[in-house]
Amino acid sequence: MQIPAAFDYERASDVANALALLERHGPESRVIAGGHSLLPMMKLRLARPDWLIDINDLTELDFILREGDQLRVGALTRHTALLESTDVAGLFPIISDAERVIADPVVRNRGTIGGSLCQADPAEDLSTVCDVLRAHAVIRGPSGERIVSMSDFHRGPYETAVAQNELLYEIRFTIRPRSGSAYEKVERRVGDWAVVAAGAAVTLSADGTVEEAAIGLTAAGLDGTVPEAEAVLRGRQPHEDLFVEAARIAAAACDPVADQRGPVDYKRHLADELTRRVLRRACARAAGAQEG
Amino acid sequence: MTTTQEHAPNPAAGDPSRPIGYGRIQRKEDPRFVRGKGNYLDDIVLPGMLHGAVLRAPVAHARLVSIDTTEALAHPKVLAVITGKDLQALNLAWAPTLSADVQAVLVTDKVRFQGQEVAFVVAEDRYAARDALELIDVEYDVLPPVIDARRALDPDAPVIRDDIEGRTDNRIFDWEIGDAAETEAVFAAADVVVSQEVVYPRVHPAPMETCGAVADFDPVDGRLTLYETTQAPHAHRTLYAMVAGIPEHKIRVVSPDIGGGFGNKVGIYPGYVLAVVGSIVTGRPVKWVEDRSENLMSTSFARDYIMQGEIAATKEGRILAVRTSVLADHGAFNATAQPSKNPAGFFSIFTGSYDLKAAYCKVTGVYTNKAPGGVAYACSFRVTEAVYLVERMVDILARKLEMDPAELRLKNFIKPEQFPYANKTGWIYDSGNYEPAMRLSMQMAGYDELRREQLEKRERGELMGIGVSFFTETVGAGPRKHFDIVGLGMADGAELRVHPTGKAVVRISVQTQGQGHETTFAQIVAEELGIPPESIDVVHGDTDQTPFGLGTYGSRSTPVSGGAVALVARKVREKAKFIAAAMLEARPEDLEWEKGRWFVKGDPGVGKTIAEIALGAHGTVALPEGIDGNLDAEVTYDPPNLTFPFGAYICVVDVDAGTGAVKVRRFIAVDDCGTRINPMIIEGQVHGGLTDGVGMALMEIIAFDEDGNCLSGSFMDYLIPTAMEVPDWETGYTVTPSPHHPIGAKGIGESATVGSPPAIVNAIVDALAPYGVTHMDMPCTPARVWEAMQGRPRPPV
């Protein structure tokens, strides 16, 4: 049994209460939801908060709602709920692709989208997914609510725009017609972090050319998406040669590091290979997608 | 799971439809496990019990400059902090290992691997004990480490074991077997010779339950009760008596339910000794349970063999000789658990299942700044490495000769009429019938059809591989005259009592860690006495309640203890004859045995059941001279030879050409463990071992960086397989009983762990043939497979 350092614990009753508790206990307090990142780090004594603020009772943060051209997902939504949602699968298949390869069912039953994004592990699948879908994060704090784009949300490994006294409230995805998306990951074993993963989202014009595209990579040392590759795709007919070209640019844009999961050249190769695969699948899905 | 019940009669049981002792019955131990009523080490709570925690070295090689325990001792819940200096005063700072070396219990002079034990805190609770570790201030003078075994014998390599007087390098031993000159002559004359460096990386048994102990020393009567996660309670008790000076009759070692051993729980770890010292020092019971990282970083690893293999053959594919030179990384202390005359374990079974003209190997063992141990992890004392080597080499030869690997094996098997077979390194294989097992596996796999499918896929650029391995193990050590551990002969005892009402208890010296002993051994008694298994209790794991014996590892429980149990039951049966004769007023020689009952020849209506005889033994019947009034017996079984289980495995993999990811699509395992007792338990053992094999082949490695930092200290980094990585196992069997074992059983515990890694790697290499790949080392992670496809396979880090 791994034993964490001593800590205190409070269970928040609602969002306002959670924010008050964060304010009261200060910088050494941490929010806990699913706990599948924070608890292992605490057990290894890599994280040692003085206070844990448990938000698992905040059911107001647990929702998947379709409103107009927005899909709103509460921060406390479990991975399993995302995986089982037909709205999510229909509108943003990339989320289902990713959720299927996030950890295992036990972890998915507890882990939350908010926890994944706020942990901001460089190998976090949902960070890439949200980047690629150009999602927005709704953050609540003592001074009210603010909405930030994913590029503002990410501040580097293990860092986000959510301040210590704030709470990630929801994630908003914009629903676009004629769109498709896909995610693919290589891992050493089910439940392992990605060696490298790639995600792509495309929106096609009425004439079948690419109107908008986004490419993201997980665990490959890439911040945000790959604008150069996206520019190449825009305005062109989806085609294998185009995917090859875009993937080559994505692979060149990333900056992976060697570790137990693989050397740099392999990871770069995967960035290339997987980008081609997800573009292929995203475009096929977009072509098959219904209007709106 | 699919099981092919092949036309395999069971000659030992005499009835093909019914294996020994009621066959496929549910396990007697399972009701308590499935209801959460097991009693594991960490479930033990004694009145007044304290908790210990070990401070471990953060670096791999460093001189210990100073330890300041002042602050830790000031912690309100801390009762004691023990350092190497304290142990020196008790003459306990160093303890003998199982391989004639010594190991530091706590560091006194120098840290020799990352994670080594530096100090021990005893506190009121486990949280305080762990917190207090952070209050101990240790100063280290860091030294350059030796991490790569290939560099261990460099002239300028730092000498790790400067504690041993006169030591000037890191060589532990040089050992050789076989006829070097004869082998060289065969190689020189051979048409074809292939050679390959084959690395079996360092892996870890990683049992679900980590190691731990609860020590309870009673200062009044000087009695030590020690609960331990051990596979060998009797051997441990004797060693504690020898080392700690506590008289053996004052020590009781109890091994409760064990959550997996795989060899990890054979040796004596510093933590066990420290719990004892903690209890002596505080006068209260002390529990110590390591965490996952401690288990992975400091306890017995397995393998770590760098093998240069060579194989010689005629151009027609007749295998002539195998030769190998091995560099064995034993870590910082030679703590390998193995018979003392076998420094490389049973690696000399590398001659495999083939009729060779010559064989030779030499093994050099070296120290490195890594955790000690070795020969753990279900490997039958290095049979795993041996089988992996020869089965890779045969495959490489098949490729060179452009022969089908299954056909090449079939061509070279030892023939049934050659058994007992004396191989070129001194083993006498007891029995074998290899071709039917190989043919059965090929038939189950649909081998020819698979090869056709592979051809079609290759034309489409898809990578599919078919891997074959055929293994022969040498297990069940063993005859006392040849095999001992620290001087203790590798025999095992059994005691059987039949109570007056005909219910029985059998006490055995081996300890189960999940193998199902409580069921299997009851079944053996049931077979021999004709009473049902549910009327027989099996007692094990407590030195106060069981006869002496060396314990469970190296697949030795059924071959050795199983023999003891069969013989003790036969002894009771024979005694029952004399008592029955007295009861029936007949002559013993006029009685005949049918299952469960002695009766008068020619008058089957007149007889006595075992239950009636038991009551008679304890009753008032006048007993013949020399027969005392009970139905009990005891034996110690010294097996005349080892046993040689074998099997034929076929693996089918698909490799993603774009990513290098491997999917094990099918796995066919045909095992021959001699007489089969409980087929369900056998299949369970095989399933577990095959899963182990997938782990080692695809993902497991204890890796280090160049500074000696262990990179595999948690289950996030040391990957073990899950249900998602394994296929639906297809198992089958043949039955070739051991001629010398009382019931013909050979043991099954490690067969699948031994046999599966080469089948998987052979399949992967076969899949990569279009890329010109002829070998790659484990673990076959996507990255490593991809590197092999690029023509630059790497040895494991």
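The values are calculated or read from the model by the stated rules, or taken from the named source; none is laboratory data. The shown structure was predicted, so the numbers you read here are calculated from the model rather than taken from an experiment. Note that each Cβ is placed from the backbone with ideal geometry, even for glycine, and that neighbours are counted across all protein chains shown.
Out of B:Ser298, B:Ser293, I need the residue that is within 14 Å of chain A (Cβ to nearest Cβ) and either under 19 Å from the mean Cα position of the chain (by Cα) or of a type in the set (Ser, Thr, Tyr) (or both). Which one?
On the way: B:Ser298 fails: within 14 Å of chain A (Cβ to nearest Cβ).
None of the other options fit; the residue is B:Ser293.
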Requested in this report: List the number of the failed condition for B:Met724; all other conditions in (1) touching a residue at least 60 places away in the same chain (Cβ under 8 Å); (2) part of a helix (DSSP H, G or I); (3) within 12 Å of another protein chain (Cβ to nearest Cβ) hold.
Outcome: (1)
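With A:Ala229, A:Ala214, A:Ala201, A:Ala194 as the choices, which residue is in contact with an Asp or Glu (Cβ under 7 Å, 6 or more places away or on another chain), crowded, with 17+ Cβ neighbours inside 10 Å and either away from chain B (no Cβ under 14 Å) or over 30 Å from A:Asp259 (Cβ atoms) (or both)?
Details: A:Ala229 fails: in contact with an Asp or Glu (Cβ under 7 Å, 6 or more places away or on another chain); A:Ala201 fails: in contact with an Asp or Glu (Cβ under 7 Å, 6 or more places away or on another chain); A:Ala194 fails: either away from chain B (no Cβ under 14 Å) or over 30 Å from A:Asp259 (Cβ atoms) (or both).
Result: A:Ala214 is the single residue among A:Ala229, A:Ala214, A:Ala201, A:Ala194 that is in contact with an Asp or Glu (Cβ under 7 Å, 6 or more places away or on another chain), crowded, with 17+ Cβ neighbours inside 10 Å and either away from chain B (no Cβ under 14 Å) or over 30 Å from A:Asp259 (Cβ atoms) (or both).
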Report summary line: Of the conditions (1) away from every other protein chain (no Cβ under 11 Å); (2) touching a strand residue (DSSP E or B) at 6+ places or on another chain (Cβ under 8 Å); (3) part of a loop (DSSP other than H, G, I, E, B), the single one that B:Ala633 does not satisfy is (3)
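Out of contact with any strand residue (DSSP E or B) (no Cβ under 8 Å at 6 or more places or on another chain), touching a residue at least 12 places away in the same chain (Cβ under 8 Å) and away from every other protein chain (no Cβ under 14 Å): does that describe A:Glu159? Don't jump to the end; show me each part of the working.
On the way: out of contact with any strand residue (DSSP E or B) (no Cβ under 8 Å at 6 or more places or on another chain): yes; touching a residue at least 12 places away in the same chain (Cβ under 8 Å): yes; away from every other protein chain (no Cβ under 14 Å): yes.
Answer is yes for this residue.
Taking B:Phe704 as the residue in question, decide whether it is more than 20 Å from the chain's Cα centre (by Cα) and at pLDDT below 95. Quick ask: steps written out before the conclusion?
Values: more than 20 Å from the chain's Cα centre (by Cα): yes; at pLDDT below 95: no.
No, not satisfied.
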Requested in this report: From B:Leu397, B:Leu356, grab the single residue that is in a loop (DSSP other than H, G, I, E, B), farther than 25 Å from B:Leu153 by Cβ, touching a residue at least 12 places away in the same chain (Cβ under 8 Å) and of a type outside the set (Phe, Trp, Tyr).
Outcome: B:Leu356
Report summary line: All conditions in (1) basic (Lys, Arg); (2) within 14 Å of chain B (Cβ to nearest Cβ); (3) within 19 Å of A:Pro142 (Cα to Cα) are true of A:Arg11 except (2)
Requested in this report: Assess whether B:Gly605 counts as being under 21 Å from B:Lys571 (Cα atoms), free of Cβ contacts under 8 Å to residues at least 60 places away in the same chain and surrounded by fewer than 17 Cβ atoms within 10 Å (Cβ to Cβ).
Outcome: no
Query - Tally of residues being small (Gly, Ala, Ser), modelled with pLDDT of 95 or more and in contact with a helix residue (DSSP H, G or I) (Cβ under 9 Å, 6 or more places away or on another chain) across the stretch B:284-305 - result: 1
Query raised in the report: Can you find a residue in the stretch B:667-679 that is out of contact with any strand residue (DSSP E or B) (no Cβ under 7 Å at 6 or more places or on another chain), more than 14 Å from chain A (Cβ to nearest Cβ), under 30 Å from B:Ala386 (Cβ atoms) and in a helix (DSSP H, G or I)?
Result: yes
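Looking at the stretch B:238-284, which of its residues are among the charged types (D, E, K, R), out of contact with any Cys (no Cβ under 9 Å at 6 or more places or on another chain) and in contact (Cβ under 8 Å) with a residue 12 or more places away in the chain?
Correct list: B:Lys250, B:Arg252, B:Asp257, B:Arg284.
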Query raised in the report: In the stretch A:23-60, what residues are of a type in the set (Ser, Thr, Tyr) and in a loop (DSSP other than H, G, I, E, B)?
Result: A:Ser37
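Can you tell me how many residues in the stretch A:123-142 are over 21 Å from A:Ile102 (Cβ atoms) and either assigned to a helix (DSSP H, G or I) or β-branched (Val, Ile, Thr) (or both)?
Looking only at the stretch A:123-142, we keep the residues that are over 21 Å from A:Ile102 (Cβ atoms), and these are A:136, A:138-142.
Cutting the leftovers down to either assigned to a helix (DSSP H, G or I) or β-branched (Val, Ile, Thr) (or both) gives us A:138-139.
Looking only at that region, the number is 2.
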Query - Residue list for the stretch B:301-327, filter: hydrophobic (A, V, I, L, M, F, W, C) and within 18 Å of the chain's Cα centre (by Cα) - result: B:Phe301, B:Ala302
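Please go through the stretch A:170-185 and give me each residue that is part of a loop (DSSP other than H, G, I, E, B) and on the phi < 0 side of the Ramachandran plot, ordered by number.
So in the stretch A:170-185, the residues part of a loop (DSSP other than H, G, I, E, B) come out as A:175-178.
If the condition is that a residue be part of a loop (DSSP other than H, G, I, E, B) and on the phi < 0 side of the Ramachandran plot, then A:Ile175, A:Arg176, A:Pro177 are the ones that fit.
Name the single residue, out of those in the stretch A:180-217 being among the β-branched types (Val, Ile, Thr) and under 16 Å from A:Arg281 (Cβ atoms), that is nearest to the chain's Cα centre (by Cα). Outline the logic, then answer.
Start the filter on the stretch A:180-217 by keeping residues that are among the β-branched types (Val, Ile, Thr), which leaves A:186, A:190, A:195-196, A:202-203, A:209-210, A:215.
Next, from what is left, pick out any that are under 16 Å from A:Arg281 (Cβ atoms): A:186, A:202-203, A:210, A:215.
Values: A:Val186: 16, A:Val202: 17, A:Thr203: 19, A:Val210: 23, A:Ile215: 13 Å.
Result: A:Ile215.
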Requested in this report: Collect the residues in the stretch B:149-163 that are touching a residue at least 40 places away in the same chain (Cβ under 8 Å), under 16 Å from B:Leu327 (Cα atoms) and surrounded by fewer than 16 Cβ atoms within 10 Å (Cβ to Cβ), keeping them in residue-number order.
Outcome: B:Arg150, B:Leu153
Query raised in the report: Does A:Pro238 qualify as being away from chain B (no Cβ under 14 Å), of a type outside the set (S, T, N, Q) and farther than 20 Å from A:Ala135 by Cα?
Result: yes
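Residues in the stretch B:11-55 that are modelled with pLDDT under 50 and either in contact with a Gly (Cβ under 9 Å, 6 or more places away or on another chain) or closer than 30 Å to B:Phe120 by Cα (or both): how many? Outline the logic, then answer.
Start the filter on the stretch B:11-55 by keeping residues that are modelled with pLDDT under 50, which leaves B:11-16.
When the remaining residues are screened for being either in contact with a Gly (Cβ under 9 Å, 6 or more places away or on another chain) or closer than 30 Å to B:Phe120 by Cα (or both), the result is B:11-13.
The qualifying residues number 3.
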**Report entry** Subset of the stretch A:77-108 that is over 21 Å from A:Val202 (Cα atoms) and of a type in the set (D, E, K, R) - its residue that is nearest to the other protein chains (Cβ to nearest Cβ)
**Finding:** A:Asp104
Query raised in the report: Looking at B:Gly660, B:Gly684, B:Gly732, B:Gly689, which one is out of contact with any Gly (no Cβ under 7 Å at 6 or more places or on another chain), at pLDDT 95 or above, in a strand (DSSP E or B) and not aliphatic (A, V, I, L, M)?
Result: B:Gly732
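Do the conditions hold for A:Pro4, that is, is it within 14 Å of chain B (Cβ to nearest Cβ) and within 27 Å of A:Gly191 (Cβ to Cβ)? Walk me through it before giving the result.
Values: within 14 Å of chain B (Cβ to nearest Cβ): yes; within 27 Å of A:Gly191 (Cβ to Cβ): yes.
Here the answer is yes, as A:Pro4 does meet what is asked.
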Query raised in the report: What about B:Ile764, is it within 14 Å of another protein chain (Cβ to nearest Cβ) and either under 20 Å from B:Ala657 (Cα atoms) or outside any helix (DSSP H, G or I) (or both)?
Result: no
Query raised in the report: When you go through (1) surrounded by 16 or more Cβ atoms within 10 Å (Cβ to Cβ); (2) of a type outside the set (Lys, Arg); (3) free of Cβ contacts under 8 Å to residues at least 40 places away in the same chain one by one for A:Ala16, which number turns out not to apply?
Result: (1)
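B:Gly688: crowded, with 21+ Cβ neighbours inside 10 Å and away from chain A (no Cβ under 12 Å), yes or no?
For B:Gly688, the condition - crowded, with 21+ Cβ neighbours inside 10 Å and away from chain A (no Cβ under 12 Å) - is not met.
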Query raised in the report: What do you reckon, is A:Arg188 closer than 26 Å to A:Val106 by Cα, in contact with a Ser or Thr (Cβ under 6 Å, 6 or more places away or on another chain), part of a loop (DSSP other than H, G, I, E, B) and modelled with pLDDT of 95 or more?
Result: yes
Requested in this report: Provide a single number: the residues in the stretch A:263-280 that are within 9 Å of chain B (Cβ to nearest Cβ), closer than 18 Å to B:Ala703 by Cβ and either surrounded by fewer than 22 Cβ atoms within 10 Å (Cβ to Cβ) or touching a Phe, Trp or Tyr at 6+ places or on another chain (Cβ under 8 Å) (or both).
Outcome: 2
